[in-house]
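J.: Below is the structure I would like to discuss, written out as structure tokens.
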């Protein structure tokens, strides 16, 4: 089966893990600090603004506390978002207010967001769909006007930039995911970014029990280093040296990954263009760089589901990300989201990852052509 997502791991990662084992410390330590420093350079930021955690979903949940969201506050979320974002808002006791999206990029626009702003709106949790940057100038200006905090869900935007700025670094807080289906993978893990060092320090305490001072060997200040105090009832959600060692090796490989993913994206564009029933991904403006995490097409002849089943029966796995949250019964949301509904009924994510071979790509196009001959004439 040709997978939609697939990690690329090799001897370098194994060697890095072995060195961690040899150090006899596999918990949070020097490797985590090194990864934070190197990732900060990658996103053109500084180490006092970034912080690792155990997964991006933790970042979503923690963002509610870190942005001082109170029960009853309204948080705007594009209806095409990861379910973890919706859960984070609702679990905190805030009100999830969904907005529509652009029907083709699947990103929320300032005009979509503005329609649902009220006097109770406290934050915007904004997804950059598949690493495609949202139009941040317009969105940030709107949120500044209404005193709305901006949380960027840049989970797939590990190499995405908007006018020279890394997505995830533009709002008050942002995050990237390193789970097993992402581009930079380490099993599970995430990086958080904050717009001030003080907010980063608040997050550091929150993600380690709320401790004001760490107990143990690292606490060289206190005469009784086993004593401590807490500033809040925090979690324990940290990265460890094993996952950080893997992530460091993956970070070195990102340029090669991006080159291959861009090649695959271009191959699809060239070879799918002749099929009139397929709408290609939108052409992006010159001032953005994407991570090519998704290659999403839209099927215009009403046969999206049949096409997906046909490909799966021929060893090619596809999917649709993300199922609109207003269609999830558990949220109990009502409203009109015509663009998201269009996207949900027409969009399909084709396989794209750096391990796809040229033979794989040829097979995919061959099967598209076969479906076209059988069902689209």
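We did not get these values from a lab; they are worked out from the coordinates using the rules stated. Everything numeric in this text was worked out from a predicted model, so none of it was measured. Neighbour counts run over all protein chains shown; Cβ positions are idealised from the backbone, glycine included.
J.: What is the fewest-to-most order of 140, 239 by other Cβ atoms lying within 10 Å of their Cβ?
T.: Listing 140, 239 from fewest to most nearby Cβ atoms yields 140, 239.
J.: Length gain on complete extension for the stretch residue 147 to residue 181, per 0.36 nm per residue less the alpha carbon to alpha carbon distance?
T.: So the chain would gain 8.7 nm between residue 147 and residue 181.
J.: Using only Cα atoms and rounding to the nearest 10 degrees, what angle (0 to 90) does helix 30-42 make with the longest principal axis of the chain?
T.: Taking Cα atoms only, the helix is inclined about 50 degrees.
J.: Mind giving me the nanometre distance, one decimal, between the label points for residue 119 and residue 223, set 7 Å out from Cα along Cα→Cβ?
T.: Here the answer is 5.6 nm between the modelled labels.
J.: Could I ask something else about it? Using only Cα atoms, tell me the angle between helix 56-66 and the longest principal axis of the chain; keep it within 0 to 90° and round to the nearest 10.
T.: 50 degrees
J.: Relative contact order, percent, of the chain when contacts are C-alpha pairs under 8 Å separated by at least 6 residues?
T.: Normalised by residue count, the contact order of the chain is 22 percent.
J.: Based on DSSP H runs of at least 4 residues, each adding -39500 (n - 2.57), what is the mean residue ellipticity at 222 nm of the chain after dividing by all its residues, to the nearest 500 deg cm²/dmol?
T.: About -11500 deg cm²/dmol.
J.: Hey, of (1) 32, 26, 22; (2) 37, 27, 17; (3) 35, 21, 19, which did the structure itself give for semi-axes √(5λ) of the Cα gyration tensor in Å when calculated?
T.: Correct label is (2).
J.: Contour minus end-to-end for residue 34 and residue 259, with contour as 0.36 nm per residue of separation and end-to-end as the Cα-Cα distance?
T.: 78.5 nm is the gain from fully extending residue 34 to residue 259.
J.: To continue, here is another question. Cα gyration tensor of segment 270-360, axes a ≥ b ≥ c as square roots of the eigenvalues: rounded (a/c below 1.5), prolate (a/b > b/c) or oblate?
T.: Taking the square roots of the gyration eigenvalues as a ≥ b ≥ c, segment 270-360 is prolate.
J.: List 11, 300 from most exposed to least, where exposure is judged by having the fewest other Cβ atoms within 10 Å.
T.: Ascending number of Cβ neighbours within 10 Å: 11, 300.
J.: Indicate, rounded to the nearest 5 percent, the antiparallel portion of the DSSP beta bridges found entirely in segment 11-250.
T.: 45 percent
J.: Give the distance, in whole Å, between the Cα centre of segment 112-160 and the Cα centre of segment 32-98.
T.: 12 Å
J.: Label-point separation (nm) for residue 370 and residue 320, each offset 7 Å from Cα along Cα-to-Cβ?
T.: In this crude label model, residue 370 to residue 320 measures out at 2.4 nm.
J.: Separation of segment 168-194 and segment 239-307 by C-alpha centroid, Å?
T.: 17 Å
J.: Then there's this: What is the list of residues in segment 259-273 whose amide nitrogen lies under 18 Å from a point 7 angstrom out from the Cα of residue 303, following Cα to Cβ?
T.: 272-273
J.: Right, another one. By how many degrees, between 0 and 90 and to the nearest 10, does the Cα long axis of helix 136-145 differ from the longest principal axis of the chain?
T.: Value to nearest ten degrees: 50.
J.: What shape does segment 5-52 have by the C-alpha gyration tensor, where a ≥ b ≥ c are the square roots of the eigenvalues, rounded means a/c under 1.5, and otherwise prolate means a/b greater than b/c and oblate the rest?
T.: Note, shape of segment 5-52 comes out oblate.
J.: May I pose another question? Calculate, in nm to one decimal, what residue 279 and residue 165 gain on full extension: separation in residues at 0.36 nm each, minus their alpha carbon distance.
T.: 38.1 nm
J.: Most exposed first by the Cβ proxy, i.e. fewest other Cβ within 10 Å, how do 176, 277, 25, 206 rank?
T.: With the sparsest Cβ surroundings first, the list reads 25, 277, 206, 176.
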